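**Student:** Here's a structure for you.
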Amino acid sequence: MEEWSALEAWWRANVPEALRRLGAPADASTIDAAEREMGVELPADYRAWLLAHDGADDGLFGDQVLSIGETLGTWRFLTEMFATPVPNPIDPDPGVRAAWWHRGWIPITSDGAGNRVCIDLDPASGGTRGQLVKFWHDGGDRPLVAASVGAWFAMHRERLQTGEVVVLADEDGRFDGVLPRTSLTGSLATCRIRGESEDAYRARVDQEKHRNRGWVLADIIAVLLRYKLIELVPGAFHASLSIAIGGSMANVPWWALHEKLHRAIGKHRDVAAVHVTAEKLRELLDAFPRVRDILGERPSFDEPLDET
């Protein structure tokens, strides 16, 4: 397939070791059996790709590309689970059926959280057979992803070439997957871009930390917990936190706090919120030397904390 050949050539020229993430060729008889059970004929471009590579792990495309066996198993599971139509609101793109799940959708990826890109073999009026649609497990949006599997490969290559998607490396410089550049925020800002100098990496991470006050505040909350200056209470996580301290934490991403809290109080995995008083925060601010020893740097704020 021309589009896949061009994408494969990009990987081979730029990150050849990434191609080890590809699966071995699928057997034609296995594909035939899957088609018979699902009652479909798979698009020629997808079938050709399976005959070359039966899936790929999550390094090459961000999400795992399923093997034909995994595709069949996932299709079977979802079709049985949603045999009775789900009465939830559906918001499909034009050309996509207004359904929570449809047996004509063939799942080909997995993000590990239940969301999948599917080949749409039974589109609505105005759609194209073989188009790709996104299935969200917890929401009714059903957006179009690409016009075909081949177009999806071409889209990935273009995003890699333009830097819209970046190649990551571990601390030893080895290939470590891909991410949209826009995802390199919050805790993901510490991901290393392949070929990035140490100075450029540090500058980018520091810029993100200064941009997002929540990083520092999340560290502070972890220290407050260690020294029992705040208490843990049940409730809506980020909502309770914002209300508890007058909105001064409104810009703190919930995932950052969640990560810091788990590190600070690993056994309290059912805790959903933290109440912090302005008085306790002021005590901490007055004790910055002590906090600095723990955090490794003196926290700073772009604006004063609100009082409650």
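The values are calculated or read from the model by the stated rules, or taken from the named source; none is laboratory data. It should be emphasised that the depicted structure is a prediction, and the values quoted were computed from it without experimental measurement. FYI the Cβ positions are ideal-geometry reconstructions off the backbone, even for glycines, and counts take in every protein chain you see.
**Student:** Out of all the residues in the range 60-79, is one or more more than 24 Å from the chain's Cα centre (by Cα) and hydroxyl-bearing (Ser, Thr, Tyr)?
**Tutor:** Looking through the range 60-79, at least one residue is more than 24 Å from the chain's Cα centre (by Cα) and hydroxyl-bearing (Ser, Thr, Tyr).
**Student:** Kindly establish whether GLY177 is touching a Gly at 6+ places or on another chain (Cβ under 6 Å) and at pLDDT 90 or above.
**Tutor:** When the stated conditions are applied, GLY177 passes them.
**Student:** Looking at the range 67-87, I want the residues that are in contact (Cβ under 8 Å) with a residue 24 or more places away in the chain and assigned by TED's automatic domain parsing to the domain that holds GLY114 and have a partner that is part of a helix (DSSP H, G or I) and not aliphatic (A, V, I, L, M) with Cβ atoms under 6 Å, at least 6 apart or on another chain. Which pairs are those?
**Tutor:** Within 6 Å, the pairs are ILE68/THR30.
**Student:** Quick check on the range 118-154: of everything there that is among the acidic types (Asp, Glu) and farther than 27 Å from GLU8 by Cβ, which residue is modelled with the lowest pLDDT?
**Tutor:** Among those residues, the one meeting the criterion is ASP138.
Results for (1) exposed (fewer than 14 other Cβ atoms within 10 Å of the Cβ); (2) of a type in the set (Ser, Thr, Tyr), shown as yes or no for each residue.
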residue	(1), (2)
GLY23	no, no
SER29	yes, yes
GLU35	no, no
PRO43	no, no
ARG47	no, no
ALA52	no, no
ASP63	no, no
ILE68	no, no
MET81	yes, no
